[in-house]
Structures are given as structure tokens and as C-alpha cells.
Amino acid sequence: MNLPSIIRPKHTFIGVSAPTKWRALQTIAEKAAIAFSVDSQIILKALETREKLGSTGIGNGIAIPHAAIETMSSPRGLLFRFSRPLDFEAIDDVPAEIAVVLLFGENNRGEYLNVLSAIALRLQSDGVLAAMRKARTADEFYSDFIADSRV
């Protein structure tokens, strides 16, 4: 899985401030709209609809908000680290401090499952997560996520 082609350094944000999960989704939609030239309200509605089906908080301080966007031709993503952890209603009740956002086209539903799997596998590594949590810049944060391995 070529994650660098899906999530690019310029789509990485640290210190993102949001008082709630819903406000975070708004901020995510605004940044994604600029990054991918899609209306922010379309993205926000898709993310909120998906979140209402079940939380995208996967535990261990991580959320993976994802949604289908009709006009997108290939999966694209963004990386976020919040300034303070947010309640994404994860099964372990640990608030999310990191969000990996994935948006995909209606015709890419099969491919997006592979991308979600690759993201989840990457984030299961304690070394990767520890490095991402310590990163001081967006470039470090991105590099820690994309790196092939961590000690």
C-alpha cells in the first residue's frame, strides 16, 4: 500500500484545536475541502453521517474518520494531531489525540478497505505511535507515520 500517494505531507496538521468531536469534524472538512477541491459541507455531511453509524474512534487515542465523497476519484487522506484529546467514543474510552482521515470515491469502496487496513496496521505499532505523539513539527509527525519501521 502506497500511503504517501494517499496522504501527503502538506495534508498533515498538528496542534489542531477543537472543543468537541463534531467541531473537529468541521475543521477536518474545511481542511479537506481546501486540499481536495471539494465543498466542505459535502465532506462534513458525509463524515457526520458515517460517524452516526458508529464511532470511528478505534481506541488507543486514535480515530479514523472516513467517508465516501461522490466526486473523488481516488482515496485521499489527511493526518491530524489535536491540541487536546477529544472524545471519539472509542470502545476503550480513551480520547483521540490522533486522527487519520480517509476520503474516497463511491467507485473506490473496495480499495478504501485496503487503505483502512494499511492505516490501522501502521497505527498498531507502539513505536510509530510513540514517535507521532512526540513529533514537534508536522513534518516529523508525517515522517513518523509514513516511515517503514520504528524501533
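Give me the dipole magnitude in Debye, nearest 20, for the range 76-151 about the Cα centre, with unit charges on the beta carbon: positive for Lys and Arg, negative for Asp and Glu.
That gives a dipole near 240 debye.
So for the range 87-149, averaging the separation of alpha carbon pairs under 8 Å that are six or more residues apart and normalising by length, what relative contact order in percent results?
With pairs under 8 Å counted, the relative contact order is 18 percent.
Quick check on packing: order 80-86, 34-40 by the mean number of other C-beta atoms within 10 Å, highest mean leading.
80-86, 34-40
Quote the accessible area belonging to Asp93 in square angstrom, nearest 10, computed with a 1.4 Å probe and with ligands, DNA and RNA left uncounted.
Accessible area of Asp93: about 120 Å².
When a/c reaches 1.5 or more, the comparison of a/b and b/c decides; with that in mind, is the chain rounded, prolate or oblate per its Cα gyration tensor?
Cα axes put the chain in the rounded bin.
Summing -39500 (n - 2.57) over the DSSP H runs of n ≥ 4 in the chain and dividing by its residue number, what mean residue ellipticity at 222 nm do you reach, to the nearest 500 deg cm²/dmol?
Estimated from H runs of four or more residues: -13500 deg cm²/dmol.
Just the number, please: carbon plus sulfur as a percent of the accessible area of the range 1-95, 1.4 Å probe, no ligands or DNA/RNA counted.
Its accessible area is 51 percent carbon and sulfur atoms.
Is the shape of the range 50-121 rounded, prolate or oblate, going by the alpha carbon gyration tensor and its root eigenvalues a ≥ b ≥ c, with a/c under 1.5 for rounded and a/b larger than b/c for prolate?
In terms of gyration-tensor shape, prolate.
Suppose every K and R has +1 on its Cβ and every D and E has -1 on its Cβ; what is the size of the dipole of the chain about the Cα centre, in Debye to the nearest 20?
That gives a dipole near 280 debye.
If you average the sequence gap of Cα pairs under 8 Å that are 6 or more apart and divide by the length of the chain, what percent do you get for the contact order?
Relative contact order for the chain comes out at 26 percent.
Report the extension gain between Ala118 and Glu89 in nm, rounded to one decimal, defined as 0.36 nm multiplied by the number of residues separating them, less their alpha carbon distance.
8.2 nm
Ranked highest first by the average count of other Cβ atoms within 10 Å around their residues, in what order do 54-66, 99-111 fall?
Ranking the peptides 54-66, 99-111 by packing returns 54-66, 99-111.
Taking only protein heavy atoms into account and a 1.4 Å probe, give the accessible area per residue of the range 58-151 in Å².
Value for the range 58-151: 49 Å² per residue.
What do you get for Rg/Rh over the range 86-141 if you use C-alpha atoms and the Kirkwood form of Rh?
We get a ratio of 1.02 for the range 86-141.
Can you sort Ile42, Ile91, Ile146 by 1.4 Å-probe accessible area, starting with the largest?
So, going from the largest accessible area down, we get Ile91, Ile42, Ile146.
Pairs of alpha-carbon atoms within less than 8 angstrom and 6+ residues apart define the contacts here; what relative contact order does the range 1-75 have, in percent?
Over the range 1-75, the number comes to 21 percent.
The values are calculated or read from the model by the stated rules, or taken from the named source; none is laboratory data. It should be emphasised that the depicted structure is a prediction, and the values quoted were computed from it without experimental measurement. Ideal geometry is used to build each Cβ from the backbone, glycine not excepted, and the neighbour counts take in all protein chains shown. Each accessible area value is taken on the protein alone, full model and side chains, heavy atoms only, with ligands, DNA and RNA left out. Shrake-Rupley method; radii C 1.70, N 1.55, O 1.52, S 1.80 Å.
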